[in-house]
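**Q** Starting off with a structure, shown below.
Just so it is clear, none of the values below were taken in a lab; they were calculated from the coordinates. All figures in this text were calculated on a predicted structure; none of them were measured in a lab. Positions of Cβ are backbone-derived with ideal geometry, glycine not excepted, and every protein chain shown enters the neighbour counts.
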Amino acid sequence: MAHRFWYALSVWLLLVTCEAGKHMPKLSNKKLCADSECSHPILIARAVQDYYPGDCRFIPIRQGQLVYVYAMLKDTGNLFWAGSVQDSYYGEQEARIGHFPSSVVEETHALMPASTEVKTNKWDFYCN
């Protein structure tokens, strides 16, 4: 009986001390989106150069890839955008929204105006 108790306690302690993810510093307090939930893409852009992220808040981008932009961070002078990369073969890369410098892409198609200002929260900069 005591063995089960210690086993259960050790499993519980392991689960409590394991960190599944990490909240990173905010890049901005506000963002511009097409809607209040930033669920619709604002524009499609094509990468003009490779981008290698500095940490898990950012997504890697290869030159020539299409990027669906969902938000433009406002406090940073529009230097960072949030979007998802679309590879040439669907399913080749896991779809994940992350941030990237706006300078590594060029706009190809405007989809919706980025007219809704939304406050960012800690989950916008959460790393798995």
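**Q** Using alpha carbon centroids, what distance separates region 48-72 and region 101-119, in Å?
**A** Here the two parts' Cα centres lie 13 Å apart.
**Q** I need the peptides 64-71, 119-126 ranked by packing, meaning the mean over residues of other C-beta atoms within 10 angstrom, with the highest value on top. Provide the component values of the computation, followed by the final result.
**A** Details: 64-71: 20.2, 119-126: 13.8.
Going by the mean number of other Cβ atoms within 10 Å, highest first, we get 64-71, 119-126.
**Q** Can you give me the long-range amide H partners of residue 65? Hydrogens built in the peptide plane at 1.01 Å from N, cutoff under 5 Å, separation of 5 or more residues or another chain.
**A** 47
**Q** Moving on. Using the Karplus curve 6.51 cos²θ - 1.76 cosθ + 1.60 with θ = phi - 60°, work out ³J(HN,Hα) for each residue of region 51-59 in order, rounded to whole Hz, and write x for Gly and Pro.
**A** 9, 10, x, x, 7, 6, 6, 10, 10
**Q** Search the structure for amide H atoms under 5 Å from the amide H of residue 120, placed 1.01 Å from N in the peptide plane, and list their residues when 5 or more places away or on another chain.
**A** Residues meeting the criterion, in which the H sits 1.01 Å from N, are 30, 31.
**Q** Could I ask something else about it? Would you mind calculating the gained length between residue 22 and residue 115 on full extension (0.36 nm times residue separation, minus the Cα-Cα distance), in nm to one decimal? Mind showing how you got there, number by number?
**A** On the way: separation 93, 0.36 × 93 = 33.48 nm, distance 3.02 nm.
Net length gain for the segment: 30.5 nm.
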